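Asks: Got a structure for you, written out below as structure tokens; questions coming shortly.
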Amino acid sequence: QVQLQESGPGLVKPSQTLSLTCTVSGGSITTNYYVWNWIRQPPGKGLEWIGRITYSGDTSYSPSLKSRTSISRDTSKNQFTLQLSSVTPEDTAVYYCARLGSYGSWDYWGQGTQVTVSS
């Protein structure tokens, strides 16, 4: 059974960098051919895909966030991380990590973590 757990500060000041970690258990982030993603949901809005890192370490980001986003991984800890720089209150959201699995299905999700951008 694969489990994903988000962690990181719940409050970030404007202009600073949001940093979150997704810890994966029950499966390896290097297993062919899974894709590991960050997704967020602002208050009152739908889900927004932020970016992903594949089993091989390739990254891709949403065009609207690409300039501020970096996703990396630590295979020794079975973790992948999100860094979103220069945050504003519009970045306030619940942030999720999720796996894209067989046949393009979203098979596993973390519980989500609230991040508020405020001074």
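Throughout, read-outs are computed from the coordinates displayed, never taken from laboratory work. A quick note: this is a predicted structure, and the numbers were derived from the prediction, not measured. Please note: Cβ atoms are built from the backbone with ideal geometry, for glycine as well, and neighbour counts cover all protein chains shown.
Asks: Looking at the stretch 73-119 from every direction and averaging, what is the projected area of its Cα convex hull in nm²?
Replies: Mean orientational projected area (the stretch 73-119, Cα hull): 4.7 nm².
Asks: Taking the Cα-to-Cβ direction at residue 58 and at residue 41 and moving 7 Å from each Cα, how far apart do the two end points lie in nm?
Replies: Roughly 3.0 nm, to one decimal.
Asks: Continuing with the same structure: Which whole-number percent gives the relative contact order of the chain, counting Cα pairs below 8 Å spaced six or more residues apart? Numbers along the way, then the final one.
Replies: Working: 297 pairs, mean separation 41.9, N = 119.
Reported as a whole number, the value is 35 percent.
Asks: Straight-line reach from residue 66: which lysines fall under 22 Å, measuring Cα to Cα and dropping same-chain residues less than 8 apart?
Replies: Qualifying lysines at Cα under 22 Å: 13, 45.
Asks: Another question, if that's okay. Take the chain, connect every pair of alpha-carbon atoms lying under 10 Å apart with a spring to form a Gaussian network, then pick out the residue of 14, 63, 89 with the largest mean-square fluctuation.
Replies: Fluctuation is largest for 63.
Asks: Within the chain, what's the longest run with no trypsin sites (Lys or Arg not before Pro) in a DSSP loop and at most 16 other beta-carbon atoms within 10 Å? Give the range, please. Please report the intermediate quantities before stating the final value.
Replies: Values: sites that count: 45, 77.
The answer is 1-44.
Asks: Here is a follow-up. At 7 Å along Cα-to-Cβ for each site, give me the label-to-label distance between residue 67 and residue 116 in nm.
Replies: Distance between the two pseudo-spin positions: 2.9 nm.
Asks: Shifting gears a bit: Distance in nm between label sites at residue 32 and residue 77, each 7 Å beyond Cα in the beta-carbon direction?
Replies: The answer from the label model is 2.9 nm.
Asks: Hey, another quick one. Above 17 angstrom, tally the Cα pairs of the chain and express them as a % of all pairs, no decimals. Before the final figure, lay out the partial values.
Replies: Values: 3592 of 7021 pairs.
Tail fraction, whole percent: 51.
Asks: Would you please state which residues of the stretch 77-92 a label at residue 15 would reach in this model, taking the label point 7 Å out along Cα→Cβ and a backbone N cut-off of under 15 Å?
Replies: Inside the label zone: 85-89.
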